[in-house]
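Structure, as structure tokens:
The values are calculated or read from the model by the stated rules, or taken from the named source; none is laboratory data. Everything quoted here is computed from the prediction, not taken from an experiment. FYI the Cβ positions are ideal-geometry reconstructions off the backbone, even for glycines, and counts take in every protein chain you see. Note: areas computed on protein heavy atoms with side chains; ligands, DNA, RNA excluded. Shrake-Rupley method; radii C 1.70, N 1.55, O 1.52, S 1.80 Å.
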Amino acid sequence: MLFKEVKKMVKLVRVDHRLLHGQVVFIWTASIGVDCILIANDAVENDPIQKGILKLSQPTGVKLIFKSVKDSIEALNSGVTDKYNLMIITSNIDDGYELASKAEQIHSLNLGNVKLRENTHNLSKLVHVTDEEERKLKTLAAEGIEVEIRAVPGDDKIIVK
């Protein structure tokens, strides 16, 4: 009997300044059936202390990978991630935009928690953006990439247009 290889996929690309935390570890991974989490973040990829701290939150049975944004895009486009049901987490909208713009497998971007900073305005209670970040999100939406705000899977989606 021959078995057809099942291609796995990018299940979620999430922007969350906290990266790996309770909502991701306990709710998102179980809800969408993730077997691998890719932290796409230039600073973390080069910081062994922060990597060590994030590894403490690694969900049981889920592989955890750290890569720069550039290396993440290369890995996605090369197909080496196709064997995973993958969640990608980045800490900011600029990196999320870069990933969604350059990786063919990404069809949506989830905004989970983007902290309040100087010169930002609210898109929701938990998502604060600069004018430039909002422009990037609207560009993605115009290109057919769904941009949604949702803290947890059970929340209603707020679609950014």
Next on the checklist: So, in region 57-79, exactly how many residues are open to solvent by 60 Å² or more (accessible area, probe 1.4 Å) and either at pLDDT below 95 or more than 17 Å from residue 106 (Cα to Cα) (or both)?
Outcome noted: 4
Checklist entry - Which condition breaks for residue 18 when tested against (1) touching a residue at least 40 places away in the same chain (Cβ under 8 Å); (2) open to solvent by less than 50 Å² (accessible area, probe 1.4 Å); (3) not acidic (Asp, Glu)? => result (2)
Item to check | Residues within region 105-137 that are among the hydrophobic types (A, V, I, L, M, F, W, C) and open to solvent by 20 Å² or more (accessible area, probe 1.4 Å), tallied | outcome: 3
Item to check | Checklist (1) surrounded by fewer than 21 Cβ atoms within 10 Å (Cβ to Cβ); (2) out of contact with any helix residue (DSSP H, G or I) (no Cβ under 9 Å at 6 or more places or on another chain) applied to residue 102, failing item | outcome: (2)
Checklist entry - Taking region 18-37 as the region of interest, how many residues are farther than 19 Å from residue 150 by Cα and not in a loop (DSSP other than H, G, I, E, B)? => result 1
